Amino acid sequence: QVQVEESGGGLVQAGGSLRLSCAASASIFSINAMAWFRQAPGKQRELVAVSTSGGSTNYADSVKGRFTISRDNAKNTVYLQMNSLKREDTAVYYCNAVVAFTDYWGKGTLVTVSS
């Protein structure tokens with residue numbers, strides 16, 4: 001069973017920054033992709049950013065230019081650097097790891113952006 005654990009959420013003012021971290025307990029060689037999703041109150045979970053084992057990244061239009069996903073393969077960890085945060089970024093952020101083509105999810109970390 002692969003464990004996925006997020007950290008780094010919290011309360012931040014609009015315009016501020018936060019960095020989320022996600023560690024997966026799996027060999028980097030078996031991780032196909034790691035991604036961040038988020039779910040705001042009353043809304044569906046949505047993809048925020050993804051990083052594949054091939055090195056490609058992709059972002060939701062709403063965060064392009066503000067968020068950056070990066071990976072530390074030595075630590076089996078993915079980061080989400082969030083800059084210029086807006087109130088609408090408030091959500092629970094979930095890490096997803098695709099390991100041997102199976103999805104694993106973390107429990108989520110809350111990000112609250114205040115005005």
> Checking S114 against (1) touching a residue at least 24 places away in the same chain (Cβ under 8 Å); (2) touching a strand residue (DSSP E or B) at 6+ places or on another chain (Cβ under 6 Å); (3) open to solvent by 30 Å² or more (accessible area, probe 1.4 Å); (4) closer than 11 Å to M34 by Cβ, which single condition isn't satisfied?
Replying inline: (4)
> Mind checking which residues of the stretch 41-95 are within 21 Å of G15 (Cα to Cα), surrounded by 13 or more Cβ atoms within 10 Å (Cβ to Cβ) and either acidic (D, E) or without any contact (Cβ under 8 Å) to a residue 12 or more places away in the chain (or both)?
Replying inline: Y59, D89
>> Tell me the residue from V98, V48, V4, V63 that is of a type in the set (A, V, I, L, M, F, W, C) and in contact with a Ser or Thr (Cβ under 8 Å, 6 or more places away or on another chain), please.
In response: V4
> Name the residues in the stretch 96-106 that are in contact with a strand residue (DSSP E or B) (Cβ under 7 Å, 6 or more places away or on another chain) and either open to solvent by 20 Å² or more (accessible area, probe 1.4 Å) or hydrophobic (A, V, I, L, M, F, W, C) (or both), would you?
Replying inline: A97, V98, V99, F101, D103, Y104, W105
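The values are calculated or read from the model by the stated rules, or taken from the named source; none is laboratory data. Computed from a prediction, not measured in an experiment: that's the story for all the values here. Counting neighbours? That spans all protein chains shown, and the Cβs are built from the backbone with ideal geometry, glycine included. For accessibility, only protein heavy atoms count, side chains too; no ligands or nucleic acids. Shrake-Rupley method; radii C 1.70, N 1.55, O 1.52, S 1.80 Å.
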